[in-house]
Structures are given as structure tokens and as C-alpha cells.
Amino acid sequence: MNVFDAIRTRRSIRKFTPEPVSPDQIRTLLQAAMMAPSAGNAQPWQLIVVDDRNILAQIPEIHPYAAMSREAAVGILVCGDLSREKYPGFWVQDCAAAVQNLLLAAHGLGLGAVWTGIYPDEGRVARFRERFSLPQHIVPLAFIPVGHPAQHPSAADRFDPARVHHNSWNTPWK
């Protein structure tokens, strides 16, 4: 799939078929996530692969917007490892880039995925920290349910030139 087509056509998928995601596909998703850029090349991510049906069924109890986890074949918990940071605070951007890579890779493999945010919601952070026995230097950023899509939302053109400025805030981009 062409990278621009992937960017334009990727959509959040919240309904999945029962078909499993293969270990090779999971490895490809993880490799894509870990190819993300990071501040100072610190690569401050830690990833937890969740394929236990009981755990996936429990995720909606600790995340109010992750009901689709019950149907997902797998979930990937993307966390920031504060002990790996070279530049404090940039772990969020680094791990967000890893999530975007993972989402695009899932789409490229014909899978569906959705980004469910955890950080900076303190309640969600605490619940994920407890459920997955995360040490204090590990901060959960996002939980990504993944599976074979049971829905195919259409692509939308979101480009809005009115939101682009040229050289300063006061000059519209043309």
C-alpha cells in the first residue's frame, strides 16, 4: 500500500471479526512501532502484547472508551519508560509516534485498530498501572485494540487550508 493512500484511508476500527491475528503480524506491528522517531533516539517505549481473552474482556472495566477490546484479537499497551528518556517530557511525543506507526502498519496489513488514550487521565493511568503491574517509571500512554475489521468506514478529506498559516499566525497559507 502506498504510504499516502495508507494515511488517507486509515480509520479507527471498533468492530472486529473473530479471526485471529498471527504472531508474524503482531511482530510486524511491534517492529513498525519501534521504528518511530524519538528525541535523542532514546526510544522510550515499552510494549505489552495482550492476547488473553479474559484480560481483553476486562479492559472496558478500566477504560470507558475501550469496549471494542472485548472483540479484538489482540491489544497492545504502549507505555513510556521514563528511565530511558534523554529529554524529560518528550516520551509522550515519542510513544505517540510509535502508536501512529503501529496504526498505519495495522492498516497496511489489512487489520483494523483504534487508539484508546490513557495518559494524561490520572484515573486511567492508575487503573492500567495496577492491572498490568507497571513499575512507577513506566507510564501507560495508549491501549490499541487490533483485529480483522468487521467495518470499513469511508475515507474523508480532512484538509482545511483555513487552519494553515504562513510564516506567522496572522498570514494565511495559500
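The values are calculated or read from the model by the stated rules, or taken from the named source; none is laboratory data. This structure is a prediction, so every number in the text was calculated from the model and none was measured. Here Cβ is always computed from backbone atoms with ideal geometry, including for glycine, and neighbour counts include all displayed protein chains. When the accessible area is computed, the model is the full protein with side chains, heavy atoms only, and any ligands, DNA or RNA have been set aside. Shrake-Rupley method; radii C 1.70, N 1.55, O 1.52, S 1.80 Å.
Table: residues versus (1) among the aliphatic types (A, V, I, L, M); (2) crowded, with 19+ Cβ neighbours inside 10 Å; (3) under 28 Å from ALA156 (Cα atoms).
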{"residue": "MET1", "(1), (2), (3)": "yes, no, yes"}
{"residue": "ALA32", "(1), (2), (3)": "yes, yes, yes"}
{"residue": "ALA42", "(1), (2), (3)": "yes, no, no"}
{"residue": "ARG53", "(1), (2), (3)": "no, no, no"}
Problem - Residue in the range 118-129 that is nearest to ALA73 (Cα to Cα), counting only those that are touching a residue at least 40 places away in the same chain (Cβ under 8 Å) and not aromatic (Phe, Trp, Tyr) - result: ILE118
Handout entry: Pairs where the first residue, in the range 100-112, is closer than 14 Å to GLN151 by Cβ and open to solvent by less than 40 Å² (accessible area, probe 1.4 Å) and the second is part of a loop (DSSP other than H, G, I, E, B) and hydrophobic (A, V, I, L, M, F, W, C), C-beta under 6 Å, 6+ apart
Key = GLY112/ILE13
Completion exercise
Picking from ALA155, ALA126, the residue that is in contact with a Ser or Thr (Cβ under 7 Å, 6 or more places away or on another chain) and not charged (D, E, K, R) would be ALA155
Exercise for the section: Among residues belonging to the range 116-174 that are of a type in the set (Val, Ile, Thr) and in a loop (DSSP other than H, G, I, E, B), point out the one that is least open to solvent (accessible area, probe 1.4 Å). Expected result: ILE118
Completion exercise
Given (1) charged (D, E, K, R); (2) touching a Phe, Trp or Tyr at 6+ places or on another chain (Cβ under 9 Å); (3) open to solvent by 20 Å² or more (accessible area, probe 1.4 Å), ASP5 misses just (2)
Practice task
Restrict the check to the range 63-72 and report whether at least one residue is polar (S, T, N, Q), closer than 26 Å to MET35 by Cα and open to solvent by less than 10 Å² (accessible area, probe 1.4 Å).
Solution key: yes
